[in-house]
1. Quick one: angle between helix 119-135 and the longest Cα principal axis of the chain, in degrees between 0 and 90, rounded to 10, please.
2. Between 0 and 90 degrees, rounded to the nearest ten: what's the tilt of helix 141-153 against the longest Cα principal axis of the chain?
3. Taking Cα atoms, how many degrees apart are the long axis of helix 23-38 and the longest axis of the chain, rounded to 10 and kept between 0 and 90?
4. Restricted to Cα positions, what overall size does region 21-177 have along the principal axes? Three whole-Å values, descending.
5. Relative contact order (percent) for the chain, with alpha-carbon contacts under 8 angstrom and 6 or more residues of separation?
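Where a number appears in this text, it was derived from the coordinates with a stated rule and is not lab data. All figures in this text were calculated on a predicted structure; none of them were measured in a lab.
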Amino acid sequence: MSEDFIKFLFNRNSRCFSGFPDKGAVEGFIDELYTVLFLPNDIDHKCEAQLRDQFTSLKEKFTRLLQDVIEDAVRINEIKDTYFESLPGIFSMLLKDAEALLQSDPAAKSLEEVMAAYPGFYATAVYRLSHLLHELQVPVLPRLFSEYAHGKTGIDIHPGASIGHSFSIDHGTGVVIGKPR
């Protein structure tokens, strides 16, 4: 590979992708947050202090993601605080979504199964986590969240979509839910 091409790519990437978060960091944050909220990850055997430490780590990772797309430190802290203070409400809504999926799918045997194994629930969870960022007018991150879920599930939900409570998607491959105009 030529040295000129390497320089070209370096210059292009530093110009085009400044202010753009690392996709791997975004995906890692989503995976860790989803795991803490919904998957059996030995939390039952951890003390509350360890769970608090996990959330502290998530807040730090989230702050770094925000710093990639927002320059104002005060706004970053406001968004971080709002996001994490909103998690109990989002979690509650997602439990209603899981319950709706459990009630509508005769193959589903438990809420835990829905949360651990249903792509429709995963896509809905990531949508709800990205929708708040969209509402807070955070650039780029909501779309990266939704595209990650789309890649994993085949379900594409725009972060600006309006979806009420007790929502469920069963057999969702190829489902597209857009943002209202």
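1. Value to nearest ten degrees: 50.
2. 60 degrees
3. For helix 23-38, the angle is close to 20 degrees.
4. 48, 39, 25
5. Values: 199 pairs, mean separation 37.8, N = 181.
Reported relative contact order: 21 percent.
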